[in-house]
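This report refers to the structure that appears directly beneath it.
The values are calculated or read from the model by the stated rules, or taken from the named source; none is laboratory data. For clarity, every value in this text was computed on a predicted model and none was experimentally measured. Every residue, glycine as well, gets a Cβ built from its backbone with ideal geometry; the counts of neighbours run over all protein chains shown. Keep in mind that these areas ignore ligands, DNA and RNA; they rest on the heavy atoms of the full protein, side chains included. Shrake-Rupley method; radii C 1.70, N 1.55, O 1.52, S 1.80 Å.
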Amino acid sequence: MIWQTAYQSAEGRVSWRGALAQDGQALDAFLQGPVAARLNDDEGGEALSEHLHGLSLTGMGQDALEEVLAAEVPEMRDWAAGEALAEAVLESEHDVVLPWNNERDKRNPFASLPGADIVGFQRDGESHRLALGEVKCSSEAKSPPQVMSGRSGMPYQLDQLAHNLGKIFQLLLWLLPRVKNTKYEAAFDVACTRYFNSGHRELVLFGILVRDQVARESDLQARGRQLASHLQSPTHCCLIALYLPWSIAQLPQAIGQGGEA
């Protein structure tokens, strides 16, 4: 078992849970497997390598190609590692499908992207619904941490995803060309149909808080209740706090080297 429940509750359309990471081989395997694959975009890198190796290159061209492939800048920022962890957890435990890796949109390897951190679908039986969300990392001792407050805080951003139609337009505009003519196009169509036919309410919101402090329900409870007063059925919101056994600053190293964090 990787995660042990520290607390769990719900109010209205919002549920919240604190999950303690259990340090050991299972956590190491998860970090070095699914999390590393998300952080490093292994799928995209392999596709690029395979395509470029299929070009008609001279010996010099082959050497130049290998130099470019070896020059990939490893992602070592702790917040990016936190996002990769959140994505892997949603995929493995919440039936969330993330059809596109945001790493591919970074023309600058040190840049961040605007918009929602989580953009995809959640399996719902034989159907799918839109899944949108935000990820925050905090080592702050205060509970709840500052990343849960204000206009840049998670609750406000989740509320925007639920009610700001301009933001929804931009996210769908971004997502469509990334799923068009792929195996995800049918899921996109179904999820959008359900969203529109429900009057903009058929979606699930995820708020993931990555922490390296003692697990406290106060990290999520008040903000969860606040969101519950704003959301209407069938919209659902799931807040999850992931508590690490070591500092967030060590997460990139842990993803690359497992137990050596």
For helix 42-53, report the angle its Cα long axis makes with the longest principal axis of the Cα atoms of the chain; keep it between 0 and 90° and round to the nearest 10°. 20 degrees
Take the alpha-carbon positions of segment 1-115, form their convex hull, and give its projected area averaged over all directions (one quarter of the hull surface) in nm². 9.9 nm²
What's the angle, to the nearest 10 degrees (0 to 90), between helix 59-70's Cα axis and the longest principal axis of the chain? 20 degrees
Defining a contact as two alpha carbons under 8 Å apart and six or more residues distant in sequence, what relative contact order in percent does segment 1-102 show? 23 percent
If you wrap a convex hull around the alpha carbons of the chain, what volume per residue comes out, as a whole number of Å³? 138 Å³
Treating cross-link reach as a plain straight distance, find the lysines whose alpha-carbon is under 26 Å from the alpha-carbon of Lys136, omitting any fewer than eight places away in the same chain. Lys106, Lys167
Carbon-plus-sulfur fraction of the accessible area of segment 24-128, 1.4 Å probe, in percent? 52 percent
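Give the percent of DSSP beta bridges with both residues in the chain that are antiparallel, rounded to the nearest 5.
Values: 17 of 41 bridges.
Of the beta bridges lying entirely in the chain, close to 40 percent run antiparallel.
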With a Förster radius of 35 Å, plug the Cβ-Cβ distance of His53 and Asp23 into 1/(1 + (r/R0)^6) and report the FRET value to the nearest 0.05. 0.35
Do any trypsin sites (Lys or Arg not before Pro) in segment 158-250 lie in a loop, going by DSSP, with at most 12 other beta-carbon atoms within 10 Å of their beta carbon, and if so which? Lys180, Lys183
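Treating the beta-carbon of each Lys and Arg as +1 and of each Asp and Glu as -1, no other charges, what is the dipole magnitude of the chain about its Cα centre, to the nearest 20 debye?
Values: 22 positive and 34 negative charges, 276 e Å.
Rounded to the nearest 20 debye, it is 1320 debye.
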So the FRET efficiency between Ala228 and Leu69, C-beta based with R0 = 45 Å and rounded to 0.05, is 0.40
Residues of segment 213-231 with backbone nitrogen within less than 14 Å of a virtual label 7 Å along the Cα-to-Cβ line of Gln8, please, listed as ranges. none
By how many degrees, 0 to 90 and rounded to 10, does the Cα axis of helix 78-93 deviate from the longest principal axis of the chain? 70 degrees
Find the centroid of the Cα atoms in segment 204-261 and in segment 22-80, then give the distance between the two in whole Å. 27 Å
Distant alpha-carbon pairs in segment 1-58 (separation over 19 angstrom), percent: 59 percent
Taking H placed 1.01 Å from N in the peptide plane, check which residues at least 5 places from Ala6 or on another chain put their amide H under 5 Å from its amide H. Gly18, Ala19, Leu20
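Which percent of the accessible area of segment 147-261 is formed by carbon and sulfur heavy atoms (probe 1.4 angstrom)?
Values: 2620 of 5120 Å².
Carbon-and-sulfur percentage of accessible area, whole number: 51.
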Summing -39500 (n - 2.57) over every DSSP H run of at least 4 residues in the chain and dividing by its residue count gives a helix-only mean residue ellipticity at 222 nm, to the nearest 500 deg cm²/dmol, of -12000 deg cm²/dmol
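Can you figure out the FRET efficiency of Glu185 with Trp246, using R₀ = 35 Å and their beta-carbon distance, to the nearest 0.05? Present the calculation step by step, with values, prior to reporting the outcome.
Values: r = 41 Å, r/R0 = 1.16.
Step by step, r from the Cβ atoms, then E = 0.30.
Counting only heavy atoms of protein chains, what accessible area per residue, in Å², does the chain have with a probe of 1.4 Å?
Details: 12890 Å² over 261 residues.
Accessible surface, normalised per residue, equals 49 Å².
Place the peptides 77-86, 132-141 in order of packing, highest mean first, counting for every residue the other Cβ atoms within 10 Å and averaging per peptide.
Values: 77-86: 23.0, 132-141: 20.6.
Going by the mean number of other Cβ atoms within 10 Å, highest first, we get 77-86, 132-141.
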